[in-house]
1. Could you check the range 91-144 and list, in sequence order, the residues that are assigned to a loop (DSSP other than H, G, I, E, B) and either acidic (Asp, Glu) or more than 16 Å from ligand 2 (Cβ to nearest atom) (or both)?
2. Test residue 62 against the stated conditions and say whether it is crowded, with 16+ Cβ neighbours inside 10 Å, assigned to a helix (DSSP H, G or I) and touching a helix residue (DSSP H, G or I) at 6+ places or on another chain (Cβ under 8 Å).
3. Given the structure, is residue 9 touching a His at 6+ places or on another chain (Cβ under 6 Å) and within 16 Å of ligand 1 (Cβ to nearest atom)?
4. Could you tell me which residue of the range 33-51 is surrounded by the most Cβ atoms within 10 Å (Cβ to Cβ), considering only residues that are outside any helix (DSSP H, G or I) and among the small types (Gly, Ala, Ser)?
5. Can you run down the residue pairs with Cβ atoms below 7 Å, 6 or more apart or on separate chains, where the first is in the range 32-59 and over 30 Å from residue 19 (Cβ atoms) and the partner is hydroxyl-bearing (Ser, Thr, Tyr)?
6. Name the single residue that is nearest to ligand 1 (Cβ to nearest atom) among those in the range 176-197 being closer than 21 Å to residue 46 by Cβ, in a helix (DSSP H, G or I) and in contact (Cβ under 8 Å) with a residue 60 or more places away in the chain.
7. Could you please find all residues in the range 106-118 being surrounded by fewer than 22 Cβ atoms within 10 Å (Cβ to Cβ) and in contact with a Phe, Trp or Tyr (Cβ under 9 Å, 6 or more places away or on another chain)?
8. Residue 87 versus (1) within 13 Å of ligand 1 (Cβ to nearest atom); (2) crowded, with 18+ Cβ neighbours inside 10 Å; (3) outside the structural domain of residue 281 (by TED's automatic domain parsing); (4) within 16 Å of the chain's Cα centre (by Cα): which is the lone unmet condition?
Amino acid sequence: MKVLGFESSCDETGVALVEVPAPGQGGVPRLLAQALHSQIAMHQAYGGVVPELASRDHIRRVLPLTREVLQAANLSLDEVDLIAYTQGPGLAGALLVGAGVAVSLAAALDKPTLGIHHLEGHLLSPFLSADAPEFPFVALLVSGGHTQLMRVDEVGQYEILGETIDDAAGEAFDKSAKLLGLPYPGGPHLSRLAEQGDAAAFELPRPLLHSGKPDFSFAGLKTAVLTQVKKLGESPSEQQRADLAAATQAAIVEVLVKKSLLALKETGLKRLVVAGGVGANRRLREQLNQACAKRGVRVHYPELSLCTDNGAMIAMAAALRVQRGLAQVQPPGGGFSVRP
Ligand code: KG4
Ligand code: ZN
């Protein structure tokens, strides 16, 4: 069985094809081909994602990317068995493009469709790598819009252990980066600048670090960064900016590591999956690897290129659901919904 997946929740148009092993064959579904277009360059001039521009660009890109994927996999649309799309959360207009294309194609081809939760896509993205995790595991989901710790017993069996009460970790990276005059999306830029800096040069808060619960709060950190930026005045030195970037990154990473360890301890599990854009952060990976190695915990990450939004994770999540008989597919011509 072959699943075609569409992702269009924010500023990446992603399309991918995943093949599900035949019943009784076991194994993990396999990525056949994927194509991705990032809108980052287009939104950069505005310092963030402009929803209307995002929707329009998804419209422009989605069909050429679909053709590219089918060509790379050497398949025709007739050979696709199920069409999956990101149902939400995300930008309403952007979601409607992927969902609309998926459902229209499905109606024309007489194929069923399946809406996928964007975060489930991120959560299951490590299954796209050769070293897929075994269940159960603790998942640290760190994206631009979400920060959650979850207990994952199987596909579809998710228990939220803790989450952010205000900003997401990616938001903390992006907002602090903006204060430091870095381009959107700030996370990777801040992380690069931090490499030249000394994290000890600034003292920044680590909200809820000692709450004893796997919950997060990053809004106070952003305010503290703003205070420091104001103190530095109009023209801070390159070193001061790098130091502040390093201190910001250190504060975010310390909280993420400590809370992940807490969730692992609470559940007694020995496997951690890190997913979402912030999972690409080098410092976070280093610190998690170190802390988990000491405790005999195995850490799984998606491939770097699959940490941020992509179509492969949506096709994979759909495939894993289908493989387990969990997919509530819509018949051809059936309705669809997006949940912004
Ligand atoms: O998962 P994602 O692509 O989109 C959402 O679903 O939100 O995550 C995007 C977030 C952005 O906040 C971006 O700045 C952050 O991931 N990010 C990073 C890095 N790469 C992406 N943050 C820190 N370090 C990175 N290397
Ligand atoms: Zn995402």
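1. Passing the criteria: 110, 111, 112, 129, 130, 131, 132, 133, 134, 135, 136.
2. yes
3. yes
4. So, considering only residues that are outside any helix (DSSP H, G or I) and among the small types (Gly, Ala, Ser), the one surrounded by the most Cβ atoms within 10 Å (Cβ to Cβ) is 35.
5. 43/184; 44/184; 47/184; 48/184
6. The qualifying residue nearest to ligand 1 (Cβ to nearest atom) is 187.
7. Hits for the range 106-118: nothing passes.
8. Against the list (1) within 13 Å of ligand 1 (Cβ to nearest atom); (2) crowded, with 18+ Cβ neighbours inside 10 Å; (3) outside the structural domain of residue 281 (by TED's automatic domain parsing); (4) within 16 Å of the chain's Cα centre (by Cα), residue 87 comes up short only on (1).
The values are calculated or read from the model by the stated rules, or taken from the named source; none is laboratory data. The shown structure was predicted, so the numbers you read here are calculated from the model rather than taken from an experiment. Heads up, the Cβs are rebuilt from the backbone with ideal geometry, glycines too, and the neighbour counts pull from every protein chain shown.
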